[in-house]
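Worksheet: one structure, shown below.
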Amino acid sequence: MTGFPSADVTARELEEKLAKAHALHEQGNDKERSGDADAAAELWEHALALMAGQAVPLVSDLLYRLGTAKARRGETSEAETLFHQSLEVATWCGYPKGQAYAVNCLAVVAQRRGDLQLAESQYRRAVRLANEAAEFRLTGMVEQNLGVMASVRGDLDSAEVHYRKSLRAFEQAGDMEGVCWVLNNLGMLEIDLGRFGDAEATLTRGLKLARKRKDSATEGLFEVNRVEALIGSGKWRTARRRCKRVFTIAKERGDGLLKAEGLKLQAIIERERGKLELALEYLSEARDLAHEGQDALLHAEVLREMGETKRSTGDFARARTLWEDALSRFESLDATLDAADMRERLEQLGGSA
């Protein structure tokens with residue numbers, strides 16, 4: 001995006017367009033919260049069309065919103081382009097809040113692709129910009145993302161510190177959406193620590209809050225992670241039932257990556273029931289969706305489960321190949337705990353084969 005601002009619009013015309021675009025922006029936000037992602041995107045695109053050629057904060061916000069919607073659908077490259085455009089507009093018009101949000105989202109894209117060095121650098125930049133803008137909500141978002149990176153690396157103590165900072169920032173901002181995000185990540189941390197009962201309680205608390213807010217996107221995340229906690233506790237029947245809700249939300253939202261998460265968990269459930277071929281079918285589809293969505297960590301997790309399922313069928317050679325691929329991917333992501341798990345499984349497989 002270059003060549004803005006446009007000189008062909010009078011102050012009065014711009015004021016009228018801004019009012020209409022702001023209204024469309026808010027309508028889109030309402031649609032997004034209710035789960036109608038396609039309708040939200042259409043409203044935001046309409047608002048952007050009204051503001052064509054204008055470098056104002058609202059345009060940066062709209063580009064950020066559209067990018068976030070595409071990122072959630074797994075359209076990572078398109079999302080990245082929109083985040084860069086949002087940053088360009090925000091920089092042009094001197095909008096630190098918009099710059100901070102765009103940089104944070106670009107960091108999320110880098111993290112999804114496995115470029116952790118770039119992601120961490122951008123997160124640090126986003127924190128500085130958020131502090132300049134006194135944006136407590138964004139501070140909470142970035143601290144949470146740093147917590148996620150620490151968790152992936154296996155530094156669970158640091159992860160919890162970042163999550164607690166994030167929770168305080170969101171509470172200071174009165175942001176219940178942010179509180180939901182942190183509760184989701186705390187629940188995942190408790191899963192990593194093997195505290196499945198605690199995780200189930202934390203995630204159920206967050207799920208109730210997300211439902212109260214009619215936030216289906218966040219509800220989907222809670223449902224996925226609660227299924228994982230239920231699996232960890234051995235509550236297979238309940239896990240299978242809750243997995244159906246994950247697929248319903250993914251379908252309603254057109255969310256390919258959420259569907260992939262659900263397929264991965266459904267495959268684990270089917271494997272436990274002895275339905276190994278069905279499990280492999282689910283995992284194959286999940287792998288393709290993770291690849292399309294450029295979610296490097298999810299892709300590695302799916303390969304791990306494919307290897308485990310192949311091991312269960314007695315195909316140790318294929319299991320080894322899949323686990324070696326998963327190990328390489330986890331190592332490239334600096335996913336310390338996952339990589340250690342893969343090495344242990346490969347070592348055990350050596351004895352089995």
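Before moving on, here are some points about what is shown:
- Yes/no for residue 158 being out of contact with any helix residue (DSSP H, G or I) (no Cβ under 7 Å at 6 or more places or on another chain), surrounded by fewer than 23 Cβ atoms within 10 Å (Cβ to Cβ), in a helix (DSSP H, G or I) and modelled with pLDDT of 90 or more: no
- Across the range 206-222, the qualifying residues are those that are in contact (Cβ under 8 Å) with a residue 40 or more places away in the chain and among the basic types (Lys, Arg), and the one among them that is surrounded by the most Cβ atoms within 10 Å (Cβ to Cβ) is 213.
- Matching residues in the range 315-353 - criterion: being modelled with pLDDT of 95 or more and outside any helix (DSSP H, G or I): 315
- Only listed residue being of a type in the set (A, V, I, L, M, F, W, C) and closer than 30 Å to residue 34 by Cβ, chosen from 276, 263, 193, 280: 263
- Of the candidates 275, 264, 310, the single residue that is closer than 25 Å to residue 79 by Cα and at pLDDT 95 or above is 264.
- Residues in the range 302-353 that are touching a Leu at 6+ places or on another chain (Cβ under 7 Å), over 27 Å from residue 159 (Cβ atoms) and of a type in the set (Lys, Arg): 310, 311, 320.
- Of all residues in the range 334-347, those that are in contact with a helix residue (DSSP H, G or I) (Cβ under 6 Å, 6 or more places away or on another chain) and open to solvent by less than 50 Å² (accessible area, probe 1.4 Å) total 5.
Rundown of residues vs (1) modelled with pLDDT of 90 or more; (2) of a type in the set (S, T, N, Q), yes/no style:
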{"position": "134", "(1), (2)": "no, no"}
{"position": "137", "(1), (2)": "no, no"}
{"position": "140", "(1), (2)": "yes, no"}
{"position": "151", "(1), (2)": "no, yes"}
{"position": "172", "(1), (2)": "no, yes"}
{"position": "183", "(1), (2)": "yes, no"}
{"position": "187", "(1), (2)": "yes, no"}
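- Qualifying residues in the range 165-180 (those that are assigned to a helix (DSSP H, G or I) and open to solvent by less than 40 Å² (accessible area, probe 1.4 Å)) - the one nearest to residue 225 (Cα to Cα): 180
- Residue count for the range 308-331 under the criterion of being open to solvent by 30 Å² or more (accessible area, probe 1.4 Å) and under 24 Å from the mean Cα position of the chain (by Cα): the result is 4.
- Residue 81 passes every criterion in (1) of a type in the set (Val, Ile, Thr); (2) surrounded by fewer than 19 Cβ atoms within 10 Å (Cβ to Cβ); (3) farther than 30 Å from residue 335 by Cβ apart from (3).
- So residue 121, is it closer than 24 Å to residue 84 by Cβ, at pLDDT 90 or above and either hydroxyl-bearing (Ser, Thr, Tyr) or open to solvent by 20 Å² or more (accessible area, probe 1.4 Å) (or both): yes
- Within the range 192-205, if we keep just the residues that are among the hydrophobic types (A, V, I, L, M, F, W, C) and surrounded by fewer than 21 Cβ atoms within 10 Å (Cβ to Cβ), the residue that is nearest to residue 233 (Cα to Cα) turns out to be 196.
- Count of residues meeting criterion [in a helix (DSSP H, G or I), open to solvent by 30 Å² or more (accessible area, probe 1.4 Å) and either over 24 Å from residue 288 (Cα atoms) or among the basic types (Lys, Arg) (or both)] in the range 223-258: 11
- Only residues that are touching an Asp or Glu at 6+ places or on another chain (Cβ under 9 Å) and surrounded by 24 or more Cβ atoms within 10 Å (Cβ to Cβ) were counted in the range 130-140, giving 1.
- Qualifying residue in the range 311-325 (condition: of a type in the set (Asp, Glu), in contact (Cβ under 8 Å) with a residue 40 or more places away in the chain and closer than 29 Å to residue 250 by Cα): no
- Among the residues of the range 76-94, those that are of a type outside the set (Val, Ile, Thr) and touching a helix residue (DSSP H, G or I) at 6+ places or on another chain (Cβ under 8 Å) comprise 78, 79, 80, 82, 83, 84, 85, 86, 87, 90, 93.
- Each residue in the range 94-118 was checked for being open to solvent by 40 Å² or more (accessible area, probe 1.4 Å), closer than 21 Å to residue 59 by Cα and not in a helix (DSSP H, G or I), and 1 pass.
- Some residue of the range 32-50 being touching a Phe, Trp or Tyr at 6+ places or on another chain (Cβ under 6 Å) and crowded, with 22+ Cβ neighbours inside 10 Å: no
The values are calculated or read from the model by the stated rules, or taken from the named source; none is laboratory data. Source: prediction; values computed, not measured. All Cβ positions, glycine included, derive from the backbone under ideal geometry; neighbour counts span all protein chains shown. Each accessible area value is taken on the protein alone, full model and side chains, heavy atoms only, with ligands, DNA and RNA left out. Shrake-Rupley method; radii C 1.70, N 1.55, O 1.52, S 1.80 Å.
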